[in-house]
Amino acid sequence: MGCVRLNPMTQKTPAELRAEAEAALKGPGQRRIKLLAELEAIDAELRPLIREARRMEVSIRRITDLTAVAPNTVRAWARSEAE
């Protein structure tokens, strides 16, 4: 292997710099993981509601305005009931 080179600006090893970068990612990463799990739960709640709204002829545009669910997703969720 070779000798470990220190960053001349910080006097830290590459391993220390990597560890700091990983530590910086940890908090925001954990928050994002938590939000994605919450979003999955909300999507599961919305799916049958969107299917019913489409069955009642609520427009895709109106559904997207009310839910921020993408139009293609609305179409796919509405179709999944028929399959």
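Just give me the residues in segment 10-46 being among the aliphatic types (A, V, I, L, M) and either farther than 30 Å from Leu66 by Cβ or not in a helix (DSSP H, G or I) (or both), in sequence order. Within segment 10-46, Ala15, Leu17, Ala19, Ala21, Ala23, Ala24, Leu25 meet the criteria. Quick one: is Val69 open to solvent by less than 60 Å² (accessible area, probe 1.4 Å), under 24 Å from the mean Cα position of the chain (by Cα) and either at pLDDT below 95 or at negative phi (or both)? Criteria met by Val69.
Residues are listed down the side, and each one gets a yes or a no for (1) open to solvent by 70 Å² or more (accessible area, probe 1.4 Å); (2) hydrophobic (A, V, I, L, M, F, W, C); (3) touching a helix residue (DSSP H, G or I) at 6+ places or on another chain (Cβ under 9 Å); (4) at pLDDT below 95:
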| site | (1), (2), (3), (4) |
| --- | --- |
| Met1 | yes, yes, no, yes |
| Leu46 | no, yes, yes, no |
| Leu49 | yes, yes, yes, no |
| Ala53 | no, yes, yes, no |
| Met56 | yes, yes, no, no |
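The values are calculated or read from the model by the stated rules, or taken from the named source; none is laboratory data. In this text, all values refer to a predicted model and were calculated from it rather than measured experimentally. Note that we place each Cβ from the backbone using ideal geometry, even for glycine, and neighbour counts take in every protein chain shown. Calculation scope for accessible area: heavy atoms of the full protein, side chains included, ligands and nucleic acids excluded. Shrake-Rupley method; radii C 1.70, N 1.55, O 1.52, S 1.80 Å.
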